[in-house]
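Worksheet for the structure shown next.
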């Protein structure tokens, strides 16, 4: 097992900008992201930092704006590789797949923002490409949404996506559990679709 930690879009836009993370509380997830980075560095696990770019006229993530800047909790820590992206998945239009392959990485641990958007896109693509994926649910987060299709709270979005990830695409765990697994050289286990559905049926 060769892990890499990918830190997705931990930028000021999600903390003090126009797209604040609501659940889990952003200060909690920032603290856990920092803990995960520190643990990865201590264990000599490569850390990939991803930064989302938008055009200068964009209301969010405009290149050069304060919202576009990496949050200090990430900017002040050492990264093995830095990626700038323009689409949701950290693989789209970047060298991430090649960079991971060149280092023999077979397990990708995902933290950052947003659970349902860039994290989800990256998790799905990594899984489809044959990587084992881990997702640290308390080192990520979502805002609430409302549009023509309906409304969903930040807690609902984060919980539902985390549940779906764990059913097939990624082993979902806390930062504390992941750090313990790293120290012990153990893999995290995900669930499966059949058992996830059966438990829900039996509970009803």
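The values are calculated or read from the model by the stated rules, or taken from the named source; none is laboratory data. It should be emphasised that the depicted structure is a prediction, and the values quoted were computed from it without experimental measurement. Backbone-built Cβ (ideal geometry, glycine too); neighbour counts: all protein chains shown.
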Checklist entry - In the stretch 6-16, which residues are more than 9 Å from the chain's Cα centre (by Cα) and crowded, with 24+ Cβ neighbours inside 10 Å? => result 10, 11, 13, 14
Checklist entry - Across the stretch 142-161, what is the number of residues that are touching a helix residue (DSSP H, G or I) at 6+ places or on another chain (Cβ under 7 Å), under 30 Å from residue 130 (Cβ atoms) and not in a strand (DSSP E or B)? => result 3
Checklist entry - If residue 127 passes every condition in (1) surrounded by 15 or more Cβ atoms within 10 Å (Cβ to Cβ); (2) touching a helix residue (DSSP H, G or I) at 6+ places or on another chain (Cβ under 7 Å); (3) under 22 Å from residue 32 (Cα atoms) but one, which one does it miss? => result (3)
Checklist outcome for this item: Per the list (1) on the phi < 0 side of the Ramachandran plot; (2) in contact (Cβ under 8 Å) with a residue 12 or more places away in the chain, residue check on residue 98 breaks on (2)
Checklist entry - In the stretch 177-195, which residue that is surrounded by fewer than 15 Cβ atoms within 10 Å (Cβ to Cβ) and in contact (Cβ under 8 Å) with a residue 12 or more places away in the chain is farthest from residue 109 (Cα to Cα)? => result 193
Next on the checklist: I'm trying to understand the selection: among the residues of the stretch 94-115, which are part of a loop (DSSP other than H, G, I, E, B) and more than 8 Å from the chain's Cα centre (by Cα)?
Outcome noted: 94, 95, 103, 104, 105, 106
Next on the checklist: For the condition out of contact with any strand residue (DSSP E or B) (no Cβ under 6 Å at 6 or more places or on another chain), without any contact (Cβ under 8 Å) to a residue 40 or more places away in the chain and surrounded by 15 or more Cβ atoms within 10 Å (Cβ to Cβ), what is the one hit in 41, 60?
Outcome noted: 41
Item to check | Test result for residue 149, under 17 Å from residue 6 (Cα atoms), free of Cβ contacts under 8 Å to residues at least 12 places away in the same chain and more than 12 Å from the chain's Cα centre (by Cα) | outcome: no
Checklist entry - Can you find even one residue in the stretch 82-90 that is within 17 Å of the chain's Cα centre (by Cα), at pLDDT 95 or above, within 16 Å of residue 52 (Cα to Cα) and buried (at least 22 other Cβ atoms within 10 Å of the Cβ)? => result yes
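What about residue 21, is it under 20 Å from residue 88 (Cα atoms), within 14 Å of the chain's Cα centre (by Cα) and surrounded by 15 or more Cβ atoms within 10 Å (Cβ to Cβ)?
Taking the combined requirement at face value, the residue satisfies it.
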